[in-house]
Structures are given as C-alpha cells and as structure tokens.
Amino acid sequence: MKFPQGFLWGAATAAHQVEGGNINSDAWLLEHVDGTVYSEPSGDACDHYHRYREDIALLAGLGFNAYRFSLEWARIEPEEGEFSLAQLEHYRRMLAACHEHAIKPVVTLHHFTSPRWIAARGGWESADTALLFARCCERAAKHLGDLFTTVCTINELNLGTVLQQSGFLHSDDAIVGSRWRRAAARMIAVEPEMFSSFPFCVRSRSRDVLLEAHRRAAQALRSTVNCAVGMTVAMFDLQAVPGAEYIRDRAAAESQDLFLQAARADDFVGVQCYTRQRIGTRGLLPPEPGAEFTQMGYEMWPDAVQAAIRQANAVAQVPVVVTESGVATDDDSRRISYVEHVLNGIAQCLREGIDVRGYFYWSLLDNFEWLFGYGPKFGLIEVDRRTQRRKVKLSAEWLGRTARNNEI
Ligand code: BGC
C-alpha cells in the first residue's frame, strides 16, 4: 500500500544517548554515584555531537526524509539563567544540516535528562520547573525557530507512571529513600529530598508539573514560531483477559489517557510503543508460554503499535506520529520482519481513516540504552565505540528503500 504523500519516514535519537560528554546533566551524575542503577556510564556515547553531519548524511542517503533528535537543556542552560549561544549555534548547525539534506527535523525539547541545577532544586517535583523549562524553550525557539518544522515538548511525560505500573520502578517511598538518590544529593551538596531526576521522580508530585510544563512550552513555541507542536506518550497495548477489563481501563486511564487528553490542544500526538502488557484480575500477567523476547526483555509484539495508534487517536483526537517504535536485537533480519509487521499495522490504521503522519524507527544508532548501558542493540546503524566507525545494517537499507518508495 502507498502511504500518504508527505508521510514522515525517519529514525530517532536522544541527545544523552548519542552525543557523549554530557557532564552538566543529572543523568551523567547518576551514572557516577555510589549505588548507581546504571550498568555503565554513557562516556563518549556515539560522539554524535561531533559526527551529526555524517550521521544525517547517512540517513538521507538511505532514503529517509525525517530525523527526530533532542536538544540538551544542560548544554543550552548549564547554569540557571546562563544561556550558551555556542551550544544554541551547535543545534542550529544540526538543524541546517537536516535541511541541506532535505530531512525534516523533528526536535524534542526534553528527552529524560535535565541540567544538574534543575535536579538540585527539586527537578520535576518542583512547580517552578514548568516555568524554567518554558523559559528555556522560548529562548531556544527564538534562536532556532526559523529552522523548526515539528517540535515535541517533553518525551514521554507519562514515563514515571508507566514504569511504576509495569513494575520496573519501585514505589515513590523507595525512590525517595534510595542510596543513589542520597548519594547524588551529596555530590551536589543539597538535601536528599531536594534531588530529583525525571525518570525517577515522585509521580504524585510531578504529574501536574509535567503537564503544566508541556502547556507552557507549547504556548511559548506557538507565540514564537510557526511549527507543529505536540508531546510524546509512552504506550503499551494493554490487553485484558476476560473479566479484567475494568482493571485494564483503570490502568489505561491513569497512565495513558490522562496525558492523551491533554494532547487534544496540540497539533499532533507522538506515540511510542514497544510491546503489549497482559492484565488479569490481579494485575499484570507474565507473557504466555513460548513468547519471544527482545534484548530488553520485552515480549516481541509488533501489533502493539497499531493498537496504541488507535487508542491515541480515539482519546487525543489529533493526528498521530509514531515518534518511536523499534526492537533491540542482534538478529537484523528479525528487525526487518518486526518493522514490516509494524508498518502493515500502520497501513491498516490508515485504511481505517486514522490520520497517521509519520513513523520514526528507534533508533538511528546502536546507542546508550539508559540503565542497560550499551548492551541492547536497537540501531539501524552499528557503531564501533572504539573507533566510532558506523556500519549500515541491512535493516537500514530495507527501511530506507521502503521510505523512498513510500510504500509497504
Ligand atoms: C525512550 C528511549 C529509549 C527507548 C528504548 C523510549 O521509552 O524514549 O530513550 O531508548 O524507549 O528503551
């Protein structure tokens, strides 16, 4: 099936996972504290900070027409109120490189990491952070806005709720009392309860701050630039066994719908989905016997993406962009069959009349997968971290050809 004209075919990255050397960020700090939950530090990552030209040229050469990447707040505003023109200029060069290669940039303003000074004043648990974030977005928009086409404010602002619901994170009390949180606070000389970092923030304190930050950032962008603005939402295909529908609906309402409803005021909603979750009358169920798993331990379930698109469309009632979908595997032919399955699901959504505007594979490069370090291989392009040499995988060529033909 032919995809609509202008459909965005891209790959995605996030600054901290590829740029390297992000020493002013709270993530760098957490990677180095006593009792860290990260399996290794991010170090030079893929040195995308210096090699973005080559990477963007590779993406364009393969046949893609879009690239999603994020700006690093800790670089742009390394200390409160001190904006770095040099770093803004760096991102301007990156945006210009996209345009030179006919690649539409989709810029994310916050992808999990914040400056240390934000983490030291309560992070996303403190109401002021919404204002400070919006101020930085406005500053970035003034400097870069003429090159923006599509902007995502905050990546997965429902992340904390989703992680807790899935059992990946402990309770709010366990986070507050954790050894690494106390160690991080000590390293930057603040009281332990003042230190807070986005992926591990206390949900009850941060949810409204995040929603307010999105609203204010979107407002700041709309008053400064003419571009499409939205948020991205982490989604699972939540499947209830018979009798557990009400539990599934409650989980969906809390972890997804609340955020999708906030997206109604936006130009689009970004859907990010990696697997399904089965729910029984007593909560989460393990995958069925015989299930196949990715390197992340997720059940391989490419149909989850079409289910998430339908859900996002029904609740948010705005166009959908699949801002992340991908699979961590060493078996590149499995990557191809997985993505082909996802794309057939998107084609089905389009046939049903859902306005899906784009598909961004996660990720362009094998990169720093947060707590898992460099183990999981999501990339379309392999990176030798000793030499930083790139090697294009067959899946990249296949997806690039599909993008060029605009057809599955
Ligand atoms: C995040 C990415 C991450 C990916 C794979 C998404 O939730 O936005 O930063 O690498 O999942 O785990």
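The values are calculated or read from the model by the stated rules, or taken from the named source; none is laboratory data. Everything numeric in this text was worked out from a predicted model, so none of it was measured. Heads up, the Cβs are rebuilt from the backbone with ideal geometry, glycines too, and the neighbour counts pull from every protein chain shown. SASA here: full protein model, heavy atoms, side chains in, ligands and nucleic acids out. Shrake-Rupley method; radii C 1.70, N 1.55, O 1.52, S 1.80 Å.
Other residues within the sphere of radius under 14 Å centred on the Cβ of V37, judged by their own Cβ, net out at -2 (K and R +1, D and E -1).
For the options N155, N367, N344, a Gaussian network treatment of the chain with springs between C-alpha atoms closer than 10 Å singles out N344 as fluctuating the most.
Between the residues L58, L109, N24, the greatest Cα displacement towards the positive end of the dipole of segment 1-115, with unit charges on the Cβ of Lys, Arg, Asp and Glu, is found for L58. Percent of C-alpha pairs per 5 Å bin in segment 233-334, short distances first: 2, 13, 21, 22, 19, 13, 7, 3, 0.
When you work out D = kT/(6 pi eta Rh) for segment 50-128 at 25 °C and 0.890 mPa s, using the Kirkwood radius from C-alpha pairs as Rh and the Stokes-Einstein form, the result is 176 µm²/s. Summed over the residues of segment 17-64 and divided among them, the accessible surface reaches 35 Å² per residue at a probe radius of 1.4 Å. Highest GNM mean-square fluctuation, the chain, Cα pairs closer than 10 Å: which of R182, R282, R222? Among R182, R282, R222, the largest mean-square fluctuation in the Gaussian network model of the chain belongs to R282. Membrane-span-like helices in the chain, defined purely by DSSP H runs whose alpha carbon atoms cover 20 Å or more axially and whose average Kyte-Doolittle hydropathy reaches -1.0, are 48-62, 85-100, 128-144, 203-224, 332-351. For the chain, the 222 nm mean residue ellipticity estimated from helices alone, with every DSSP H stretch of n ≥ 4 adding -39500 (n - 2.57) and the total spread over all residues, rounds to -12500 deg cm²/dmol.
When the chain is treated as a Gaussian network with alpha carbon springs shorter than 10 Å, the biggest mean-square fluctuation among G270, G160, G61 belongs to G61. Put a plus charge on the Cβ of each Lys and Arg, a minus charge on the Cβ of each Asp and Glu, and nothing anywhere else: the dipole of the chain about its Cα centre is then about 500 debye. For segment 306-408, the fraction of 1.4 Å probe accessible surface lying on carbon and sulfur atoms is 46 percent.
How long is the gain from D34 to L285 if the chain were fully straight, where each residue apart is worth 0.36 nm and the alpha carbon distance is subtracted?
In short, 87.0 nm is gained.
The alpha carbons of segment 167-230 occupy a box of 45, 30, 16 Å along the principal axes, longest dimension given first.
Restricting the calculation to Cα atoms, segment 113-219 shows an Rg/Rh of 1.01 when the hydrodynamic-style radius is the Kirkwood one.
For segment 300-408, a crude dipole built from +1 on the beta carbon of Lys and Arg and -1 on the beta carbon of Asp and Glu, taken about the Cα centre, is about 320 debye to the nearest 20.
Surface composition of segment 101-175: carbon plus sulfur atoms hold 53% of the accessible area, using a 1.4 angstrom probe and ignoring ligands, DNA and RNA. Think of segment 144-290 as having a plus end and a minus end, set by charges on the Cβ of Lys, Arg, Asp and Glu; of L211, N226, T281, T281 sits farthest toward the positive end of this dipole. Share of pairwise Cα-Cα distances greater than 21 Å in segment 3-143 is 46 percent (whole percent). Selection among F200, A183, S166 by position relative to the dipole of segment 166-206 gives A183 as farthest towards the positive end (Cβ unit charges, Cα centre).
Specify whether the C-alpha gyration tensor of the chain places it in the rounded, prolate or oblate class, a ≥ b ≥ c being the square roots of the eigenvalues: rounded for a/c under 1.5, otherwise prolate if a/b is larger than b/c and oblate if not. Rounded shape, in that the Cα axes give a/c under 1.5.
Ligands, DNA and RNA are left out, and with a 1.4 angstrom probe the accessible area of segment 120-242 is 40 Å² per residue.
Charge tally around P286: other residues with Cβ under 10 Å, Lys/Arg +1 each, Asp/Glu -1 each, net -1. The Cα atoms of segment 276-408 give a gyration tensor whose axes a ≥ b ≥ c have a/c of 1.5 or more with a/b no greater than b/c, which makes the shape oblate.
Solvent-accessible area of S325, all protein chains in place: 0 Å² (probe radius 1.4 Å, heavy atoms, ligands and nucleic acids excluded). Heavy-atom accessible surface of L258, to the nearest 10 Å², is about 60 Å², with a 1.4 Å probe and all protein chains retained.
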